[in-house]
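Enquirer: Mind having a look at this structure? Questions to follow.
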Amino acid sequence: MMQEAAAHKTASEAAPLLDVRDMTVQFFSRHGTLTALDNVSFAIRPGEVLGIVGESGAGKSLTGASIVGLLPDSGRVTAGEIRLGEQRIDNLDRTRMRRIRGREIGLIFQDPQTSLNPLLTVGKQLVQTITSHLDMSAAAARQRGIELLRDVGIPAPERRIDSYPHQFSGGMRQRVVIALALCADPRLVIADEPTTALDVSIQAQVLALLQDLVRKRGLAIMLITHDMGVIAEVADRIAVMYAGRIVEIGPVRQVIDSPSHPYTAGLMSAIPKLGDRARRLVQIDGNMPRLDAVPSGCAFNPRCPRVMDICRVERPQLRPARAGHAACHLYPALPQAET
Amino acid sequence: MMVAQTQRPDRAASTPQLVVKDLRKQFDLTRSVAGRLLGHQQYLKAIDGLDIEIARGTTFSLVGESGCGKSTVARCIVGIYKPTSGQVLFDGVDIAQMRGRKVMLPVRRRMQMIFQDPYASLNPRWRVSQIIAEPIRTHGLLPDRQAVQKRVDELLVQVGLAPGDGRKYPHEFSGGQRQRISIARALASSPDLIVCDEPTSALDVSVQAQILNLLRDLQEELGLTYLLISHNLAVVAHMSTRLGVMYLGRLVETGDSQLLFGQPLHPYTRMLLSAVPDVGGAAVKRVAIAGDVPNPISPPSGCSFHPRCPFVQDKCRMVPPVPSMVQGRLVACHVLAEHGELPA
Amino acid sequence: MSILRRFANSDLGYSFLHSRVVVAAAIVVAVVVVAAVGADALAPHNPFDLASLELFDALTPPAWEAGGQWIYPLGTDDQGRDVLSAIMYGTRVSLMVGFASVALSMAIGIPLGMISGYFGGMLDSVIMRFAEIQLTFPAILIALLIDGIVRTALPRDIHSDIAVFVLIAAIGFSNWVQYARTVRGMTLVERSKEYVQAAQVTGVHPLLIMLRHILPNVASPVLVIATIGLALAIVTEATLSFLGVGVPPTQPSLGTLIRIGNDFLFSGEWWIATFPSVTLVALVISVNLLGDWLRDVLNPRLN
């Protein structure tokens, strides 16, 4: 989108590492066609953490899966383009996509239990991943594996590398998964709910590690989570998703402290905060629409406290709103921008 | 609700709704028969001596990380598990050692539970009205079909659903709506105490707010007592009157919710509070946290938190601390018991 | 009509109509079942009405062979019985024994499995050890054993009258373990689900929990086993009858027909054994295919 591209320039001069433009993902079944992602546009620059938030079913995980070509068989990217650096990656075949996955884009999933093969030692899995992406001898790969384990904060990596996944605790396992994602020195890591399965004390450790990696390696991270607290801790910018669309995107403090979109505003005030028992929580009534029944116009209009007539008819585009962008008719197109 | 009032004993006004005394629960993990015969038994002490008191119409919360035993406490209280030892006094009557379904029934009517998983907690093959009517039918609370139907419709409205929703099946509802159905079922027998086991942890934040508001409204309206089990400290802070922090089957700190959140004393409570990622932002000062929760099958000696505690002393490694009153709350910590505060 | 349309629109119906093999299997089963159940009305002859038998027509080949007649489409056996009619009546006996023994297996296996899974502990150990012991004996052996005991215990003429029931009991008793094990496993899963715990907290009687909560939720895998079990029971019955310990020749099943035909196989009268065998194989394969399809469709992990 034009405006989004313009905003990149103002926010930072660096060229985006990942540039997703007008991505639409549809699912085809005998019941008909479902539009699961609708005109999703965003960019991530090197060394940046972009948080993707939204409630379940909003399309956050699907956004990550679409970028790395891991859509289920019935789904397809039907419009838009995805660029990684200079390369277009939305039209690659399976083999070339597989090479990008792991090599250029590392993946971290929610459950460390399922991301690791329980029958192989951590070292074997690291060596396999490293040698499949990099031209390296097994011995060198093992050495690199030990270094990676040290980087992600596993004590005594020379010994631990020969342990099996079940010999690690939950937090340590997630560190191993992160080490695996970093094997080929990717430029971008897509982390889908990386701390959701962990206890708070462990979660804090893993988040600190992710931040550390961004700082030391200049990694870009796309952090998908439903937990606003996690996003607030580590993200530089946030994209808020609702019913398969991005409704607001902008710098983290601004989106959290003074959200532009009524949905984001509702979401923020719905979160209980430490130390305020007296206040009744602000609630957004109703539920997010199912993908087969997205209302016309703005998808949020039936639940919106500030709904106008135009919201029921015309779908709002992402337009500049304060320091970010919001898809809401409260922010009319330039030049008469006024809130 | 008529029923609830007529059966409530008069003396009850002064007794707490629920008192738990020295509750213990061990799980026998011995795998083989041979191991059992040879005496190589392995036990998991899920709850290791727990005392709770919940006043009428208030909310007591148990917080802690996974494996600390908080869900086991809930299940021992409602009778899904039999406690190994200890007392559970409901309205002053010990129900922990009650035997037989008939004896338990009157208590069961007055104690209900809301579960974590809105998908597993409703029988997928039953209609919603059948699900909600089950406690009414089980306890024979209403004389005929029409009366039951009328009550079910009332309950549906009370939890924010439509009377017509009773004809549908659970799969036709979203997670938040299913949790409302669970709440309606819990209310059906007009209970005094509702145990809420992670009632919102499977829900999205906007729906979580709806459910938490509903639970608070119902508490005010019906004078309900809640035992809330949660790992989400913000939810606990929002809901509780009093709170207990659990670590490896024991309470490390118990007291008034505002007091504990405002000024946590036990090193574990402090650590837990500072670890919560907060939307408040970077201003929060973090206490360094090291290590993992130990394996509950072989917990550390002495104070079970000592391997992770920055204030550890020799005594902590050997003697398990007994809860003592420090600054208006019960804390199980040697250092706090001796000095009244932690070293700076 | 609307039921049919609803079936066609459901996922089950969709998957059914889009698999040719399954549709073919269903047609075979339907044809065989209709022919068997309606044998009295549909069969061209009554092969067990001695008065109607023409000994002159014995060993007539099928109609399209030299010497065949169209009043005996599939030929006749050594006593002049029409093979087609005999198959129709025989299938009825086979199906009856199959259904009844599956029902018996279920009646034993499901309650034992549910009790075992729900209560656990000693009761579970006892029931499951017993099941395992029984599993070490082949089903046929158990059936032969039961048949043998009844044969020695009862006079011969009574035995002929109750032979079918002995067969049903023999097959039914030898197959209950599978139901018990499956239901036990499913019960363990369901019991730990929160809706069962909710019922326990409310104080619902364990018997009602099993009956009203758990049973409906373990029904679909049981249906799958029952379908495949039906095929197995029919084969077991045929085997026993072929060995001569099954139903008496006066009331032949498919297995009995095959045994009779077997005597003539080498003297050139191939049709007497072949057509009952083809019916048996077609029926069993089709029922198995339907069972496999049901298992795939009802298994949520594959969807």
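The values are calculated or read from the model by the stated rules, or taken from the named source; none is laboratory data. As the structure is a computational prediction, the values presented were derived from the model and not from experiment. No Cβ is skipped: glycine too gets one built from the backbone with ideal geometry, and neighbour counts run over all protein chains shown.
Enquirer: What is the number of the single condition among (1) more than 19 Å from the chain's Cα centre (by Cα); (2) more than 9 Å from chain A (Cβ to nearest Cβ) that B:A184 does not meet?
Expert: The number of the failed condition is (1).
Enquirer: Which numbered condition in (1) in a helix (DSSP H, G or I); (2) modelled with pLDDT of 90 or more is the only one that A:L120 fails?
Expert: All conditions pass for A:L120, except number (1).
Enquirer: A further question on this structure: Would you check if C:D82 is charged (D, E, K, R), surrounded by fewer than 18 Cβ atoms within 10 Å (Cβ to Cβ) and either under 30 Å from C:R212 (Cα atoms) or at pLDDT 80 or above (or both)?
Expert: no
Enquirer: Quick check on B:R216: is it surrounded by 17 or more Cβ atoms within 10 Å (Cβ to Cβ) and free of Cβ contacts under 8 Å to residues at least 24 places away in the same chain?
Expert: It is true that B:R216 is surrounded by 17 or more Cβ atoms within 10 Å (Cβ to Cβ) and free of Cβ contacts under 8 Å to residues at least 24 places away in the same chain.
Enquirer: Under 9 Å between Cβ atoms, at least 6 apart or on separate chains: pull out the pairs that start in the stretch A:304-320 with a residue that is part of a loop (DSSP other than H, G, I, E, B) and end on any residue that is aromatic (F, W, Y) and crowded, with 17+ Cβ neighbours inside 10 Å.
Expert: Here the result reads A:C304/A:Y263; A:V307/A:F300; A:P316/A:Y331, each pair linking the stretch A:304-320 to a residue that is aromatic (F, W, Y) and crowded, with 17+ Cβ neighbours inside 10 Å.
Enquirer: Would you point out the residue of the stretch A:188-230, among those that are facing another protein chain (nearest Cβ under 10 Å) and over 21 Å from A:G64 (Cβ atoms), that is surrounded by the fewest Cβ atoms within 10 Å (Cβ to Cβ)?
Expert: A:A208
Enquirer: Between a residue in the stretch B:60-84 that is more than 14 Å from chain A (Cβ to nearest Cβ) and outside any loop (DSSP other than H, G, I, E, B) and any residue that is of a type in the set (K, R) and surrounded by 21 or more Cβ atoms within 10 Å (Cβ to Cβ), which pairs come within a Cβ distance under 9 Å, given they are 6 or more apart or on different chains?
Expert: Filtered contacts from the stretch B:60-84: B:L62/B:K70; B:T72/B:K25; B:V73/B:K25; B:R75/B:K25; B:C76/B:K25; B:V78/B:R108.
Enquirer: In addition: Which one of the conditions (1) in a loop (DSSP other than H, G, I, E, B); (2) at negative phi does B:R270 fail to meet, given that it meets all the rest?
Expert: (1)
Enquirer: Exactly one condition in (1) under 22 Å from C:M106 (Cβ atoms); (2) away from every other protein chain (no Cβ under 14 Å); (3) not in a loop (DSSP other than H, G, I, E, B) is not met by C:L257; state its number.
Expert: (1)
Enquirer: Looking only at the stretch C:53-85, count how many residues are touching a residue at least 60 places away in the same chain (Cβ under 8 Å), out of contact with any strand residue (DSSP E or B) (no Cβ under 9 Å at 6 or more places or on another chain) and not in a loop (DSSP other than H, G, I, E, B).
Expert: Total satisfying the criteria: 1.
For (1) over 21 Å from the mean Cα position of the chain (by Cα); (2) at pLDDT 95 or above; (3) at the interface with chain C (Cβ under 7 Å from one of its Cβ atoms), each residue gets a yes or a no:
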{"position": "B:K102", "(1), (2), (3)": "yes, no, no"}
{"position": "B:M113", "(1), (2), (3)": "no, yes, yes"}
{"position": "B:P118", "(1), (2), (3)": "no, no, no"}
{"position": "B:R125", "(1), (2), (3)": "yes, no, yes"}
{"position": "B:I132", "(1), (2), (3)": "yes, yes, no"}
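Enquirer: Here's another thing I want to ask about it. Considering each of A:V189, A:V230, A:V240 in turn, give the residue that is in contact with a helix residue (DSSP H, G or I) (Cβ under 7 Å, 6 or more places away or on another chain) and under 30 Å from B:P267 (Cα atoms).
Expert: A:V230
Enquirer: Within the stretch B:96-127, which residues are under 20 Å from B:L218 (Cα atoms), of a type outside the set (D, E, K, R) and not in a loop (DSSP other than H, G, I, E, B)?
Expert: Answer for the stretch B:96-127, where residues must be under 20 Å from B:L218 (Cα atoms), of a type outside the set (D, E, K, R) and not in a loop (DSSP other than H, G, I, E, B): B:M111, B:Q112, B:M113, B:I114.
Enquirer: Could you identify the single residue in A:E248, A:E233 that is of a type in the set (D, E), within 13 Å of A:V53 (Cβ to Cβ) and at pLDDT 90 or above?
Expert: Unique residue meeting the criteria: A:E248.
Enquirer: Something else: Just need a number here: residues in the stretch A:259-303 that are in contact (Cβ under 8 Å) with a residue 24 or more places away in the chain, within 20 Å of B:P277 (Cβ to Cβ) and more than 8 Å from chain B (Cβ to nearest Cβ).
Expert: Residues in the stretch A:259-303 being in contact (Cβ under 8 Å) with a residue 24 or more places away in the chain, within 20 Å of B:P277 (Cβ to Cβ) and more than 8 Å from chain B (Cβ to nearest Cβ): 1 in total.
Enquirer: Given the criterion more than 11 Å from every other protein chain (Cβ to nearest Cβ) and not aliphatic (A, V, I, L, M), identify the matching residue among B:D192, B:D197, B:D204, B:D217.
Expert: Unique residue meeting the criteria: B:D192.
Enquirer: Still on this model: For A:F168, only one of the following conditions fails: (1) in contact with a strand residue (DSSP E or B) (Cβ under 9 Å, 6 or more places away or on another chain); (2) within 14 Å of chain B (Cβ to nearest Cβ); (3) surrounded by fewer than 23 Cβ atoms within 10 Å (Cβ to Cβ); (4) not charged (D, E, K, R). What is its number?
Expert: With (1) in contact with a strand residue (DSSP E or B) (Cβ under 9 Å, 6 or more places away or on another chain); (2) within 14 Å of chain B (Cβ to nearest Cβ); (3) surrounded by fewer than 23 Cβ atoms within 10 Å (Cβ to Cβ); (4) not charged (D, E, K, R) applied to A:F168, the lone miss is (1).
Enquirer: Does A:D185 fit the bill of being assigned to a loop (DSSP other than H, G, I, E, B), over 19 Å from A:R215 (Cα atoms) and of a type outside the set (V, I, T)?
Expert: no
Enquirer: Considering each of C:A30, C:A25, C:A41, C:A8 in turn, give the residue that is surrounded by 12 or more Cβ atoms within 10 Å (Cβ to Cβ) and modelled with pLDDT of 75 or more.
Expert: Unique residue meeting the criteria: C:A25.
Enquirer: Right, next: B:T138 versus (1) within 12 Å of another protein chain (Cβ to nearest Cβ); (2) touching an Asp or Glu at 6+ places or on another chain (Cβ under 9 Å): which is the lone unmet condition?
Expert: (2)
Enquirer: If you go through the stretch B:85-93 one residue at a time, do you hit one that is in contact (Cβ under 8 Å) with a residue 12 or more places away in the chain, within 7 Å of another protein chain (Cβ to nearest Cβ) and either more than 24 Å from B:S230 (Cα to Cα) or among the hydrophobic types (A, V, I, L, M, F, W, C) (or both)?
Expert: no
Enquirer: Which is crowded, with 18+ Cβ neighbours inside 10 Å, over 20 Å from C:A219 (Cα atoms) and more than 14 Å from chain B (Cβ to nearest Cβ), of C:A180, C:A170?
Expert: Unique residue meeting the criteria: C:A170.
Enquirer: Now a separate question. Just give me the residues in the stretch B:242-261 being among the polar types (S, T, N, Q) and without any contact (Cβ under 8 Å) to a residue 40 or more places away in the chain, in sequence order.
Expert: Matches in the stretch B:242-261: B:Q258 only.
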